[in-house]
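Written out below as structure tokens is the structure these notes cover.
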Amino acid sequence: MTPTLNVPTRQGTIVLARPDGHPVSVMDAKRQLRIDPDDTDQDEMIAALCATAHRTIESQLGYPILRQTRQTHLKGFPTGEIWLGGGELLTVSAVTYYDTAGVQQTLASTDYIVDAVSRPATLQAAPFKDWPSTQPRAGAVAITWSAGWATASDVPEDLSRAMLLLIGHYEQNREAVVIGQTSTALDMAVDMLIEPYRLTMFG
């Protein structure tokens, strides 16, 4: 079922706690780039490529890869479900809101249900419950949630492989250039690897 979201209420999602490291390590990248493990001269650059590839694939998927904590902000509760995105073992730790008097409240966990199985995952009012009224303001509702694979070894191999392809591409093409067929082939390879894990909608 496609989630019902009062789109104008949605402001966006911020990262509260980033993961420690990236799915592809510097040593993994060195093997991909055929760089001697003992050669540390380029480690800083390679680490930056690992981070860039991580962010790129995560952005294309639309949800966290390694476990992290995020917070979704809305201008008010919608009329139906609230889309959170996705990620492995998604959990919600807090739902806060400003009531009509402008006082911040914490919604009881018994007042909502987390559907972490659907893609995208959603937050729903519990049966026979309604979302409370809020003060009309930015950040009227804040949902704190966590998702992602616990360790780099838990990340599906296809996603790690896609990052390695990007790292190889970035290392070989350090300037803004038109790659043509090579770039097209890379895009197709990355898309094929991540397609089974991609959300159909995100923002």
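The values are calculated or read from the model by the stated rules, or taken from the named source; none is laboratory data. What you see is a predicted model, and the numbers here were worked out from it, not measured in a lab. Backbone-built Cβ (ideal geometry, glycine too); neighbour counts: all protein chains shown.
Structural remarks
- Test: residue in the range 172-186 that is more than 27 Å from A17 (Cα to Cα), touching a helix residue (DSSP H, G or I) at 6+ places or on another chain (Cβ under 8 Å), modelled with pLDDT of 90 or more and buried (at least 16 other Cβ atoms within 10 Å of the Cβ): no
Condition check ((1) assigned to a helix (DSSP H, G or I); (2) closer than 30 Å to V141 by Cβ) across all residues:
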| residue | (1), (2) |
| --- | --- |
| L16 | no, yes |
| P19 | no, yes |
| V24 | no, no |
| T40 | no, no |
| L49 | yes, no |
| Q60 | yes, yes |
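- Residues that are touching a residue at least 12 places away in the same chain (Cβ under 8 Å) and in a loop (DSSP other than H, G, I, E, B), drawn from the range 130-144: W131, P132, S133, T134, Q135, P136, R137, A138, G139, A140
- Residue satisfying condition, being more than 23 Å from L61 (Cβ to Cβ) and surrounded by 15 or more Cβ atoms within 10 Å (Cβ to Cβ), within set T144, T96: T96
- In the range 128-136 there is at least one residue matching the filter, namely being farther than 25 Å from A29 by Cβ, at pLDDT 90 or above and among the β-branched types (V, I, T).
- Restricting the range 99-114 to residues that are of a type outside the set (S, T, Y) and touching a residue at least 24 places away in the same chain (Cβ under 8 Å) leaves a set whose member that is surrounded by the most Cβ atoms within 10 Å (Cβ to Cβ) is L107.
- Within the range 86-129, the set of residues being touching a Gly at 6+ places or on another chain (Cβ under 6 Å) and in a strand (DSSP E or B) comprises A121 only.
- Residue in the range 71-92 that is among the basic types (K, R), crowded, with 16+ Cβ neighbours inside 10 Å and either closer than 24 Å to V117 by Cα or free of Cβ contacts under 8 Å to residues at least 24 places away in the same chain (or both) present: no
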